[in-house]
Structure formats: C-alpha cells, structure tokens
Amino acid sequence: MKPPKTIPVFPLSNFIIFPKTTVPLNIFEPRYIDMVNDSMKADKFIGMVQPKITKNLDNNKLPSLHKVGCLGKISSFKESDDGRYLIELKGVIRFEIKKEIDTSKKYREFEIDCDNYLHDLDDKKEDLKFSDLEIIFKDFKTFFEKRGFIINWKALEKQSLDETINALAMTSPFSLEEKQALLETKNLSTRKTKIAEILNTYTYDDFENTTLQ
C-alpha cells in the first residue's frame, strides 16, 4: 500500500493507536461525523495524533499537536439510533506531520510523511521471542494489576509479538508523554527496551501505593 500524502486528523487527548492494533471509537461530534463520512467515501484513512499538553490554552486557539501520529483505517462502521458512529480503526503506519492544510472543512487536515516508518507496513516479524520478554511481562502484569487493569494474557500470547507489545504500550496506564515516546520509537526492539526503561521508573513501592514518581 502507498500511504496518502494528505489526511484528516482526529486530535484525541490520552489516546494513541499503534500499527497492527485495532481500537473502537465512538464518534458523536458533528465535525468528526463529517470527517468519518468523508473518509468512508474516500480511502477510509484517519490520522490519530495527541494534542500537546499546554497550560493556559486559549480556548479559541487550535491545540498544537505532537509531530508523530499513526494512520488508521476504518475496518468496521455502524451508525447508532441516536446518530453516533461506532467505528473500529486499525493502525496501519506512523507518520510525521509536515504542515496543516488550509481548508473550509470543520475538521483539520494535514500533509504528512511516512517515509521514516515504511517498515510498519512490513509483515516480516522481528526476531524476538516471548522468552526475551518474560521479565518485562512480569513487571507489566504487576503494574497493570496494581492499577486495577485486567488483561487477558493468554489471549495476548496467541498474537504476534509486535501486536502484543503495541497493544500493551497502547493500553498501559503510562503517562501521555511516555506513550508518545513509545509511539515514536523506531522499531519493536527499541520499543521493548523503552517499555523496560519506563517500568523501571516505577519502583515496587510505587506499585504498592499506586502513586507515580
């Protein structure tokens, strides 16, 4: 597949998708209803990007966005009785924002570049084994359980490693900045190392008290 050069962007705070993961979205704002309608008529692509956290933001000013996001493709679409759209978005490839497109549409569009992330499209599995991740998974389980998150680990182990690591990175109770850093890592091996580094910043005392450093 050849990634598009211009995409509609859904700037959703505290929400990141990774390549090879699928997430449900409940679309109810009129501008994003328009965005989904237009996307369904075209290539079904939507870009997901986190807004940057800024203090004293002028409500009339559009939020600045992180430079790196993930392109998703609508894989499932349903309309509810009250006019909402219930869609599933499958992560395809990461991208870098180049510039915003001046448009009369209610939602935002951007020119993007995917060249640094073309390996996201590769079906070849990286040379990692579950045995390589035992310590990380052990810490992950502790981290999730102490924060009341329930994960079906047996189901995860049936997936490919890239799907598993990306799913854990996406759903983890890490901070927005930590999740963004994971999204921006070059490849799966680097992401695995970064997850381990982040987990190491949370001591076992933190686990017991469910407070972050």
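Each reported figure results from applying straightforward, stated rules to the coordinates on display, with no laboratory input. Note that the coordinates shown come from a computational prediction; the quantities given were computed from them, not determined experimentally.
Data table
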quantity: Candidates Gln159, Gln180, Gln50: whichever shows maximal mean-square fluctuation once the chain is modelled as a Gaussian network with Cα springs under 10 Å; calculated: Gln159
quantity: Using alpha-carbon coordinates, inclination of helix 30-41 to the longest axis of the chain, degrees; calculated: 90
quantity: Table column - 3J(HN,Hα) (Hz), the range 84-92, Karplus curve with 6.51, -1.76, 1.60, x for Gly and Pro; calculated: 7, 9, 10, 10, 10, 10, 9, x, 10
quantity: Relative contact order (%) - criterion: Cα under 8 Å, at least six apart; region: the chain; calculated: 21
quantity: Candidates Glu177, Glu163, Glu29: whichever shows maximal mean-square fluctuation once the chain is modelled as a Gaussian network with Cα springs under 10 Å; calculated: Glu29
quantity: P(r) weight above 18 Å for the range 6-121, C-alpha pairs, percent; calculated: 50
quantity: For the range 136-153, Karplus couplings with θ = phi - 60° (6.51, -1.76, 1.60), whole Hz, Gly/Pro x; calculated: 4, 5, 4, 5, 4, 4, 4, 4, 5, 5, 5, 9, x, 8, 9, 10, 7, 5
quantity: Table column - 3J(HN,Hα) (Hz), the range 162-170, Karplus curve with 6.51, -1.76, 1.60, x for Gly and Pro; calculated: 5, 5, 5, 5, 5, 5, 5, 5, 6
quantity: Above-threshold pairs, the threshold being 31 Å between Cα atoms, out of Lys78/Lys138; Lys61/Lys141; Lys52/Lys192; Lys2/Lys154; Lys44/Lys138; Lys78/Lys186; calculated: Lys78/Lys138; Lys61/Lys141; Lys2/Lys154; Lys44/Lys138; Lys78/Lys186
